[in-house]
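The structure appears below as structure tokens.
The values are calculated or read from the model by the stated rules, or taken from the named source; none is laboratory data. Quantities reported herein were computed from a predicted structural model and do not represent experimental measurements. These area figures cover heavy atoms from the full protein model, side chains too; ligands, DNA and RNA do not enter into them. Shrake-Rupley method; radii C 1.70, N 1.55, O 1.52, S 1.80 Å.
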Amino acid sequence: SATREAQGTMSFLKLAHKSLAAPAANPVTQLYRSVNKELPRVLVMYDLDMELPEARQAIRSHFDRYAHIKDERVVSMLVAKGYIDLEETLLQHKQRSHMQRTLSGHIDMEGARRKSVTGKSTIADQFARA
């Protein structure tokens with residue numbers, strides 16, 4: 001029983017030493033990696049016509065926009081907001097136009113015009129617009 005306690009203490013010390021030796025990863029870096037990991041799925045879910053490298057560059061520009069902030073409280077608030085935005089995106093609480101605006105800065109209305117019904121549209125056009 002004494003050897004078990006000694007082994008338990010040794011394993012605890014090893015874990016404590018590892019946690020002290022390797023500091024926790026930067027929360028901003030963790031958020032950035034999480035967003036980049038989910039980006040291919042987001043592009044498919046929202047049917048965005050954007051290449052993955054282009055979308056990654058857009059995400060990078062969002063992170064670079066706040067790179068000058070050094071206050072830890074503000075950084076932690078921005079990280080929390082980033083995780084909330086990621087969760088809302090993955091749960092599809094946003095619309096396609098929101099994601100287009102976030103990633104490209106503008107909305108391409110070509111798809112909306114394609115689906116619009118005009119007075120000149122035939123029944124076949126109206127049926128095929130979907």
Q: For E88, E72, E54, E38, give the ranking by accessible area with the largest first, probe 1.4 Å.
A: E72, E54, E88, E38
**Q.** Accessible surface ranking that places the most exposed of I69, I59, I84 first, with a 1.4 angstrom probe
**A.** I84, I69, I59
Q: Rank these by accessible area, largest first, 1.4 Å probe: Y46, Y32.
A: Y32, Y46
